[in-house]
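Worksheet: the structure to be examined is printed underneath.
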Amino acid sequence: MSETPRVAIVTGAGSGIGRAVALALLNDGYAVVLAGRRHDALAETLASAGPQAKRGLAVPTDVSDPKSVDALFARTKETFGRLDLLFNNAGTGTPAISFGDLTWEQWKGVIDVNLNGAFLCARAAFAMMREQRPMGGRIINNGSISAHAPRPGSAPYTASKHAITGLTKTISLDGRPFDIACGQIDIGNAVTPMTARMAEGVPQANGTIAPEPRMAVEHVGQAVVQMAALPLETNVQFMTIMATKMPFVGRG
């Protein structure tokens, strides 16, 4: 396992987009460290990888806990010796709630995972990539369509994803001397448990409830593999992948 030339960490790998990306990377020949809160969910992801699972390593991780993140990256270095790719994906949200009714606990719970967790993982990856030989690597942050436009009642999630864009740009700039490329993938309506409600109808900006088209989550995995396949002197700074007919472009 330690001789595998490309090593990736995928956070939030126990379900949804993280699972799809972890499987796509395994199928592309990566050794993949799967991080997530629940060991059983990570094990399910590996079980669905078939023979490629032998190149996977499940490491239960709470990305909002600095010690847990440190342990994740120490385990990766101990097992594989280097890191070529971080897919910074772990995230959470709240039910739709008007801004005036939002509690501190709801706000902090989302920011701790979506923004602070992304920072902790990116910082650890940056340090590892800067120090390893050969130097460098790639960080891909999951920004979401919410990095561009909010949904009604989504203040914590939208604020966290707008902040991810600033984090991506800063890492991209600060990474230049160390051959660290950083890009962002903004995903709209991939089929996951989190988007199941969209098929039945979700609030729109005009106050109506309407169903929204979704796309296969496997396409997100393929897109991340494409971004990661580029040489480090080339970077996809931002990619938007979305269901073609979702209400985002224009007036919906």
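Against the definition (over 18 Å from GLY93 (Cβ atoms), surrounded by 17 or more Cβ atoms within 10 Å (Cβ to Cβ) and in contact (Cβ under 8 Å) with a residue 40 or more places away in the chain), how does MET242 come out, yes or no?
Considered against the rule, which asks whether it is over 18 Å from GLY93 (Cβ atoms), surrounded by 17 or more Cβ atoms within 10 Å (Cβ to Cβ) and in contact (Cβ under 8 Å) with a residue 40 or more places away in the chain, MET242 comes out as no.
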Reported set for region 205-228 where residues are in contact (Cβ under 8 Å) with a residue 24 or more places away in the chain and among the aliphatic types (A, V, I, L, M) is ALA205, ALA210, MET215, ALA216, VAL217, VAL220, ALA223, VAL224, VAL225, MET227, ALA228
Working only within region 221-230, note down all residues that are buried (at least 19 other Cβ atoms within 10 Å of the Cβ) and either closer than 11 Å to ALA243 by Cβ or not aliphatic (A, V, I, L, M) (or both). GLY221
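Inside region 197-232, can you point out the residues that are part of a helix (DSSP H, G or I) and either among the basic types (Lys, Arg) or at pLDDT below 95 (or both)?
From region 197-232, those part of a helix (DSSP H, G or I) are 197-199, 218-229; that's our starting set.
Those that are part of a helix (DSSP H, G or I) and either among the basic types (Lys, Arg) or at pLDDT below 95 (or both): ARG197, MET198, ALA199.
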Taking region 210-234 only, how many residues are in contact with a strand residue (DSSP E or B) (Cβ under 7 Å, 6 or more places away or on another chain) and within 16 Å of ASN88 (Cα to Cα)? 5
Which residue is nearest to ALA24 (Cα to Cα), if the candidates are limited to region 73-83 and must be in contact with a helix residue (DSSP H, G or I) (Cβ under 8 Å, 6 or more places away or on another chain) and surrounded by fewer than 22 Cβ atoms within 10 Å (Cβ to Cβ)? ARG82
Residue by residue through region 124-163, note down the ones that are within 23 Å of ARG197 (Cβ to Cβ), assigned to a helix (DSSP H, G or I) and not charged (D, E, K, R). ILE145, SER146, ALA147, ALA155, PRO156, TYR157, THR158, ALA159, SER160, HIS162
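Taking the condition of being of a type in the set (Val, Ile, Thr), in contact with a Pro (Cβ under 8 Å, 6 or more places away or on another chain) and surrounded by 19 or more Cβ atoms within 10 Å (Cβ to Cβ), how many residues in region 87-133 meet it?
1
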Only one of these conditions is not met by CYS182: (1) part of a strand (DSSP E or B); (2) at pLDDT below 95. Which number is it? (2)
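The values are calculated or read from the model by the stated rules, or taken from the named source; none is laboratory data. Bear in mind the structure is a predicted one, so any value in this text is a computation, not a measurement. Methodologically, a virtual Cβ is constructed for each residue, glycine included, from the backbone with ideal geometry; neighbour enumeration extends over all protein chains shown.
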